[in-house]
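Scroll down for the structure; my scribbles are underneath it.
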Amino acid sequence: MTILDGKIALVTGGGRGIGKAIVIALSDAGATVVFTYKSSASAAHEIVDELTSKGRKISSHQSDAVSTADSSSIVDEVLKTYGRLDVLVNNAGITKDGLLMRMSEQDWDSIIANNLKSVYNFTKAAVRPMMSQRSGKIINITSIVGISGNAGQANYAASKAGIIGFTKSVAKELGSRNIQVNAVAPGFVETDMTGKLTDDQKKDLTEMIPLRRTAQAHEIAAVVKFLASPDADYITGQVLCVDGGMTM
């Protein structure tokens, strides 16, 4: 028996990067996983095919996390199909970096909508069924940038700081219903973006990290899996930094 056997999990932005790693980790732990993606249908279908071939229960849905209607529809579909929702992972997000003096209103609004409003949308849709079943785990992916800030990322940092405040507030609202709400704050993670850095840039980056390396996506996913599990039943309203010690 695996730690999430019988659990139904919904992951937003699960088609690539950290989201993909989370989908795989929860699936490996025995959960039935539904994940959303915005644009890369082929990548999403590859994940479904790969995990289905291993006997896992998994499905994907194209969705715009900014849309309240889309978010409600996805949650309703999960409930219609499986009768419950045990774990929600709000992972969907984007970046549009730039110095504030050159940042357009559109760049500000799109980041706040994609990164923060999307968390509101899916969480609000999931709260009612979780309250009815008197159990649930909500895990929001924030960033250490939401704690420390970062030049050139005022919009991104604001959205991720907002997720932290949202997490703590909703944790207080839902604690009496046995619903745990936590956040995971990754540091620098090995992605396609970091793969394009020069050797000097990578050296400068790793020297900022006490562990002297960037994270792998599966290391972020492992913390999400822990928070989704019964082992984290007495943890709520917390922000777990997975950053190699950067925010010490």
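The values are calculated or read from the model by the stated rules, or taken from the named source; none is laboratory data. What you are looking at is a predicted structure, and each value in this text was computed from that prediction instead of being measured. Neighbour counts are summed over all protein chains in view; Cβ atoms, including those assigned to glycine, are modelled from backbone coordinates with ideal geometry.
Per-structure values
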{"quantity": "Hits in the range 32-67 (condition: more than 14 Å from Val11 (Cβ to Cβ) and touching a residue at least 40 places away in the same chain (Cβ under 8 Å))", "calculated": "Val66, Ser67"}
{"quantity": "Unique match (being part of a strand (DSSP E or B) and modelled with pLDDT of 95 or more) among Leu88, Leu116", "calculated": "Leu88"}
{"quantity": "Set Ile3, Ile18, Ile8, Ile24: member being over 19 Å from Ala126 (Cβ atoms), touching a Leu at 6+ places or on another chain (Cβ under 8 Å), of a type outside the set (Gly, Ala, Ser) and buried (at least 16 other Cβ atoms within 10 Å of the Cβ)", "calculated": "Ile24"}
{"quantity": "Tabulated pairs, the range 142-160, first in contact (Cβ under 8 Å) with a residue 24 or more places away in the chain and closer than 18 Å to Arg102 by Cα, second in a loop (DSSP other than H, G, I, E, B) and of a type in the set (Lys, Arg), C-beta under 9 angstrom, 6+ apart or interchain", "calculated": "Asn155/Lys96; Tyr156/Lys96"}
{"quantity": "Residue count, the range 7-31 (criterion: free of Cβ contacts under 8 Å to residues at least 60 places away in the same chain and in a loop (DSSP other than H, G, I, E, B))", "calculated": "3"}
{"quantity": "The listed residue being surrounded by fewer than 21 Cβ atoms within 10 Å (Cβ to Cβ) and either in a loop (DSSP other than H, G, I, E, B) or out of contact with any strand residue (DSSP E or B) (no Cβ under 9 Å at 6 or more places or on another chain) (or both), out of Gly93, Gly98", "calculated": "Gly98"}
{"quantity": "Yes/no for Lys137 being assigned to a helix (DSSP H, G or I) and either acidic (Asp, Glu) or more than 28 Å from Asp97 (Cα to Cα) (or both)", "calculated": "no"}
